[in-house]
Amino acid sequence: MLRNMIMWALICAAAPFACAQHTIHLDGNTTDSLDIILNDVIISAKNMITKTDCKVITPPESKIKASTSGLDLLQKLALPGISVNQMTGSITTNSGGVLKIYIDGVPAAENQIASIDPEDVVRIEFHDSPGVRYGNADFAINYIMRKKDNGCRLFLESMNCIGSGKFATLDEISAHLVNGKSKWSINSGYMQMKRDNWIRDYEETWRFPDKEVIRRETGLPVETGNSMLYNIINYQYSHNEKNLFNARFSLNFDKSPNKEEGDRHSLLSTSGNKDITEIWEHTSEESLMPSIALHYRHIFDKSGTLSLNLESSWLKSKINHTYSEETDGIRSCDIFSKTNGNKHGIFAEAIHDIKLGSGQLTSGLRYSQSHTSNNYLSEIQSPAGKTDINQSEISVFSEYNLRVRNLGVIGGFTAKRLSVAQEHSKRLKYAILPHLNTSYKPNSDLFLRYSVRFERRMPPLASISYISQEIQPGMIRRGNPCVKSFLAINQEFSFTYSYKTVNLTLTLGYLDESKPVMNSVSYENGVFVQTFENQKYFRKFHAEAMISVSPWKDHITLRIAPDFPRYFSRGSNYNLVKNIMYIHFGADASYKRFIFTANTMSGPDNYMYGDEIITEKPMNMILAGYKSTYWTLQIGAFNIMKNYWMKTENFSPLTPFKSNAHCGKNTFLALKLSISLNYGKQRDNQNGIPSDISHIDMDSGIVNGLK
């Protein structure tokens, strides 16, 4: 009794000082984040609280003051496994997995993050081991924002980058209006990139039954470019903190008049032939996608929380592709294809959360369905081909989250019914997929976690199509409607250490796919056929670390993130083991109103799958500037080190090739202006609003004839 009284006295004396350093977080599900524990009272003095399934981050004031947007703040926080590209305004995972974004637990578009005011961010919930609530997501990020009773905000950001023969621009504008229980927001953005020095060198071997032909292409410069325009209108109504309704309408338009991976100009030399053939390939692509998403949440007095989501989208896409060859001024080949596609999708789910015993039970029902219709016009597809593919998925899931002292356990299952139908064929698959997530926190500085998850993965839409597309003379690409869904087991162990100014996260992962759908090449009737088959297995082991050090606290942060994936891929006629190694660096500094950031950004094209491996040189950036109360001006450069390149190597037994695409010096000089005007009263929102998943589907399912 006397000991408890003394402990209470110490806590009461220390609490005001702890509160001055960090927000007190009172939540029955966060007992794994304690620095001091006594009779369910939690006091945390760390900016990051590590839980079994996520990290809860209270951004340091220094990083908030040095950030211009929610995207900029996310980059400065340097979350493990996440890469932020400020040149394109995109957020990607280092493993190529699925990332979901939320604002106050409501599904949000990635583009909405750019307009978030860092001053309004209370905390960020980084789900690096998501449960059933997030479906098939590999990561989920939830921004918890301060609430305004009334007021408005106008945000404008423009970044223009220029270089020799190239330019890029990224413009964002948004307006937010809060009036009592209602909140309106409008976001618009435009991104464009263009360059005229894209070169691709190519070496390919064709192994016929009776001979071998080597084809070498010397690349010549071509122009590439792409642009994206998006518009989002969002309305939210909150009543008595127990009822929340959110409606979002978005309209995205993407255009690539000269597609980077589908445009080339080269001189071809073939073994045994002295003639030089000139090759032109051109690809243009457009897509238009309107979508609407409705979200409703109700908090019962004693029966937990019910969340409902309904989303509908329409994707209209168009691809034009041409390929031609000319030898000694004589045109020897002309190939063209034109594809128009439509995809309609609907998604609905209901999720219920309730406190049960010492833990929390999450259960729900999820349904998604899509209809894809693509019309093909090409020389080898006569009359015009058409595909109609219907996909549906019904899931019932349940999960229990329990914390006992320093141990955390999350376990559950998902029961699925998968269906794919086209023309006169239909495939059904039933699966029960368990998952388990365990953690141990011996003290406030150390955290260990192990997770295992079973998944049933569907083949890509293009792989199950009946359509064939000609790539070049002697080679076609064809879908395979006989491919089946496959099982994947994902295991991960992570170790986190945090002490004073040092943060370390080490992740070891192992992915095992049994009979995955991967590329396959056959030789039929004098033609090489690129198609898809259920191969034997695909395995990936990866070791990734994130080390962050603040030698001058609140002013300088340095970070390094090495990543080492090792791939094992076995098909019917190949057995490959390959490695990819890359390291990311970053530095952030601020002093009074002066800010500085430098960072390397890895592109999404660093992976291996099937018989093909792709590596891309990391981009880099450096920005320095001045931040006032209402505006920020920064100058700097992107890609200031060496040349940019993207290499592809294929190990097919019949048609192996090496591709080296590059553009020489790829430096962009950048000027970035941000303006933020705020008005209104605000209050902290500490409610842990449940997050719900967004299932907007951008897969057009088009079989293309790109090389």
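Structure values in brief
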item: Failed item, numbered, when V122 is tested on (1) in contact with an Asp or Glu (Cβ under 6 Å, 6 or more places away or on another chain); (2) surrounded by fewer than 21 Cβ atoms within 10 Å (Cβ to Cβ); (3) assigned to a loop (DSSP other than H, G, I, E, B); (4) of a type outside the set (F, W, Y); result: (3)
item: Cross-chain or 6+ apart pairs with Cβ under 8 Å, the range 275-288 first and touching a residue at least 60 places away in the same chain (Cβ under 8 Å), then among the basic types (K, R) and open to solvent by less than 50 Å² (accessible area, probe 1.4 Å); result: I279/R264; E281/R264; E281/K707; T283/K259
item: Tally of residues being hydroxyl-bearing (S, T, Y) and under 16 Å from R457 (Cβ atoms) across the range 384-406; result: 2
item: Selection from the range 212-252 of residues that are over 29 Å from E110 (Cα atoms), acidic (D, E) and surrounded by fewer than 18 Cβ atoms within 10 Å (Cβ to Cβ); result: E212
item: Residue within the range 463-481 that is open to solvent by less than 20 Å² (accessible area, probe 1.4 Å) and touching an Asp or Glu at 6+ places or on another chain (Cβ under 6 Å) present; result: no
item: Members of the range 294-308 that are in a strand (DSSP E or B) and open to solvent by 10 Å² or more (accessible area, probe 1.4 Å); result: L294, Y296, R297, H298, I299, T305, L306, L308
item: Residues of the range 566-596 that turn out to be part of a strand (DSSP E or B), within 30 Å of P551 (Cβ to Cβ) and either touching an Asp or Glu at 6+ places or on another chain (Cβ under 9 Å) or open to solvent by less than 20 Å² (accessible area, probe 1.4 Å) (or both), as a count; result: 8
item: Residue in the range 486-499 that is surrounded by fewer than 21 Cβ atoms within 10 Å (Cβ to Cβ) and either free of Cβ contacts under 8 Å to residues at least 24 places away in the same chain or assigned to a loop (DSSP other than H, G, I, E, B) (or both) present; result: no
item: Answer from T615, T629, T655 - the residue that is at pLDDT below 95, not in a strand (DSSP E or B) and not hydrophobic (A, V, I, L, M, F, W, C); result: T629
item: N197 being assigned to a strand (DSSP E or B) and either closer than 30 Å to K55 by Cβ or of a type in the set (S, T, Y) (or both); result: no
item: Set I389, I335: member being in contact with an Asp or Glu (Cβ under 7 Å, 6 or more places away or on another chain), at pLDDT below 95, in a strand (DSSP E or B) and surrounded by 18 or more Cβ atoms within 10 Å (Cβ to Cβ); result: I335
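Conditions (1) of a type in the set (S, T, Y); (2) within 26 Å of the chain's Cα centre (by Cα); (3) surrounded by 16 or more Cβ atoms within 10 Å (Cβ to Cβ); (4) within 24 Å of Y466 (Cα to Cα), marked per residue:
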{"position": "K515", "(1), (2), (3), (4)": "no, yes, yes, yes"}
{"position": "N519", "(1), (2), (3), (4)": "no, yes, yes, yes"}
{"position": "S522", "(1), (2), (3), (4)": "yes, no, no, yes"}
{"position": "N525", "(1), (2), (3), (4)": "no, no, no, yes"}
{"position": "R539", "(1), (2), (3), (4)": "no, yes, yes, no"}
{"position": "E544", "(1), (2), (3), (4)": "no, yes, yes, no"}
{"position": "I547", "(1), (2), (3), (4)": "no, yes, yes, no"}
{"position": "K553", "(1), (2), (3), (4)": "no, no, no, no"}
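The values are calculated or read from the model by the stated rules, or taken from the named source; none is laboratory data. Keep in mind the model is a prediction, meaning the values are calculated, not measured. FYI the Cβ positions are ideal-geometry reconstructions off the backbone, even for glycines, and counts take in every protein chain you see. Quick note on the areas: whole protein, heavy atoms, side chains included, nothing else; ligands and nucleic acids left out. Shrake-Rupley method; radii C 1.70, N 1.55, O 1.52, S 1.80 Å.
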